[in-house]
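Take a look at the structure below.
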């Protein structure tokens, strides 16, 4: 199955999201071997989470010292290129920032405005040459509590406030400067030379700053994304924009980019299964973007802002429903998610709950399989996170060691733990669903959804082919019916779990 965007043809099959080292316990060559052996014929594409030098900075690779260098512990670019011979690879283009430990920023600290890299980085003065007023400061949208700026000492007893949207080790880039443009172009060219077919624009919504605005998803930001996407498309690379925002904003963003994430889907599925009410989910699926990547879990937490109210406008869920959703996750995980979320951990998030999706559902195999079935039947191309694929539990030992909230869902595995997970009935049932999603051409057809109280019907039709998912929460039943010409096959998810 294939979809085409801007002349770039991508397979509309299930993709894997993974860290190279955290899944394999080793390197890129080992990942290639695992994909061709233990996970053979499951994934058409792989989103390789940051593999740049270093992979173990302050933000698990999202603070690269050198964005064009593969961390030697994972191999080299040739290893990535070889992996790309068999799989459509996605990589993160971290457009907003780079490490304070980079040679470029170190040169700035050593030489100040005389550094050839001075224009590469964004200072407060560049955006607010006349000073930052309290009114302007309040308008700035923040993904974290605290200031947007970090003061760094420069030569001759001088100093400057640099934009640090996320952490003081992640220095924001001036993407409008020649140095900033050259920097991003160099990364794109490196990707194109090494079989990267899609880029995830990490934190793209924060890349453009303008005095008197929120400094988030401005009209100029869309222009920047458009220009960057065109440059990538010319190199045969498709772009995926990663933005957490109000659901109607997400719909508008989707009209202007190659692809977006469906970040509303994960909390809506949880809400539906917790409340046995598919009303909110059905509303969303009738209006959701079709040029999307669907996920349930990722290396980040379970987003909440994507379904909530904003600035007085109603959300897909009410504040009370969101409070109940979050509380249910905490109860289902026996309080483990509370230890990893908000002020309880060092990476304070304003809009995410840190927990595995499996634990969020109380480790209920049937409900988790139903959640995956809903994901696979939703419009868009599905991605599965490595921990979610194997139904991993919350990594509490790792969380206790690092006190990084997101590490609760970033376990370190290896071939042996993969083999053990693949023997579980749930994982075998999940693989059956993946194979079904990959083999049915009808998922390139027309989609329809309807619900009645605690019942949900999702249907795809293409010519004489159809695939239907029928859920009844009252009876705790889940059926998939596939028609291909005169042949009809039915899969009962309850039976599937019990047979395997």
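For the range 175-186, indicate whether the set of residues that are assigned by TED's automatic domain parsing to the domain that holds residue 66, in contact (Cβ under 8 Å) with a residue 60 or more places away in the chain and under 22 Å from the mean Cα position of the chain (by Cα) is non-empty. Looking for residues that are assigned by TED's automatic domain parsing to the domain that holds residue 66, in contact (Cβ under 8 Å) with a residue 60 or more places away in the chain and under 22 Å from the mean Cα position of the chain (by Cα), one finds at least one in the range 175-186, hence yes.
Go through the range 40-54 and give me each residue that's within 21 Å of the chain's Cα centre (by Cα) and either part of a helix (DSSP H, G or I) or over 17 Å from residue 200 (Cβ atoms) (or both).
Answer for the range 40-54, where residues must be within 21 Å of the chain's Cα centre (by Cα) and either part of a helix (DSSP H, G or I) or over 17 Å from residue 200 (Cβ atoms) (or both): 42, 53, 54.
With the structure loaded, tell me whether residue 402 is modelled with pLDDT of 95 or more, over 24 Å from residue 476 (Cα atoms) and over 18 Å from the mean Cα position of the chain (by Cα) or whether it fails that test. Break it down stepwise before answering.
On the way: modelled with pLDDT of 95 or more: no; over 24 Å from residue 476 (Cα atoms): yes; over 18 Å from the mean Cα position of the chain (by Cα): yes.
Against the criterion (modelled with pLDDT of 95 or more, over 24 Å from residue 476 (Cα atoms) and over 18 Å from the mean Cα position of the chain (by Cα)), residue 402 does not qualify.
Of the strands (runs of 3 or more DSSP E) lying entirely inside the range 96-185, those containing at least 1 residues that are within 24 Å of residue 228 (Cβ to Cβ) span 97-99, 158-163, 170-172.
Of the numbered criteria (1) touching a strand residue (DSSP E or B) at 6+ places or on another chain (Cβ under 8 Å); (2) closer than 20 Å to residue 49 by Cα; (3) assigned to a helix (DSSP H, G or I), the one residue 197 fails is (3).
Could you say whether any residue in the range 176-190 is at positive phi and either touching a helix residue (DSSP H, G or I) at 6+ places or on another chain (Cβ under 8 Å) or surrounded by fewer than 19 Cβ atoms within 10 Å (Cβ to Cβ) (or both)? Checked the range 176-190: no residue is at positive phi and either touching a helix residue (DSSP H, G or I) at 6+ places or on another chain (Cβ under 8 Å) or surrounded by fewer than 19 Cβ atoms within 10 Å (Cβ to Cβ) (or both).
Summed over the range 224-245, the residues that are closer than 30 Å to residue 310 by Cα and in a loop (DSSP other than H, G, I, E, B) give a count of 4. Evaluate the range 446-455: report whether one residue or more is in contact with a helix residue (DSSP H, G or I) (Cβ under 7 Å, 6 or more places away or on another chain), within 30 Å of residue 38 (Cβ to Cβ) and outside the structural domain of residue 363 (by TED's automatic domain parsing). Within the range 446-455, not a single residue is in contact with a helix residue (DSSP H, G or I) (Cβ under 7 Å, 6 or more places away or on another chain), within 30 Å of residue 38 (Cβ to Cβ) and outside the structural domain of residue 363 (by TED's automatic domain parsing). Out of the residues in the range 259-287 meeting the condition of being out of contact with any helix residue (DSSP H, G or I) (no Cβ under 6 Å at 6 or more places or on another chain) and more than 22 Å from residue 321 (Cα to Cα), tell me which one is surrounded by the fewest Cβ atoms within 10 Å (Cβ to Cβ). Among those that are out of contact with any helix residue (DSSP H, G or I) (no Cβ under 6 Å at 6 or more places or on another chain) and more than 22 Å from residue 321 (Cα to Cα), it is 259.
The values are calculated or read from the model by the stated rules, or taken from the named source; none is laboratory data. On a predicted model such as this, the values are computed, not experimentally measured, just so you know. Backbone-built Cβ (ideal geometry, glycine too); neighbour counts: all protein chains shown.
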